[in-house]
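Where a number appears in this text, it was derived from the coordinates with a stated rule and is not lab data. Everything quoted here is computed from the prediction, not taken from an experiment. Neighbour counts are summed over all protein chains in view; Cβ atoms, including those assigned to glycine, are modelled from backbone coordinates with ideal geometry.
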Amino acid sequence: MTTVNGRPTINHDWDTEYLKQRKNRLTDSVDEYLQDSDTSILAFYNDLKDVIEELITYHKQNKEKAEGALQLILGHRPVTIDPKAWEEIYYPEETEKECPPGTIRINGECADL
């Protein structure tokens, strides 16, 4: 069977091919440890354990980084303004400073009695 351009149709199960190649890569790595007469099975075990622990750490760090990026995208940014200043900007009528003794507030200003 050919395509409209006359090229042969390639019917191949790429998922199965990937799984087979991945297993072959693992086989090669294990075989390298087992065929090396200077390497003990304990070294193989320790290296395998170390690699898995490193992957866990790597993915944990990237997960935290990705979560932080998502929080920024969603608008959760650190606020660097002083809370008191925030109140003065958005609620000035509630944060008017008290007038000194012997004065009274008139039209937002402190005036002598």
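In a fully extended conformation the segment linking Ser29 and Lys65 would gain 9.9 nm over its present Cα-Cα distance, using 0.36 nm per residue.
A full extension of the chain between Asp36 and Asn11 corresponds to an added length of 5.0 nm, given 0.36 nm per residue minus the alpha carbon distance. Extending 7 Å from the Cα toward the beta-carbon at both Glu53 and Thr80 defines two label points whose distance is 3.9 nm.
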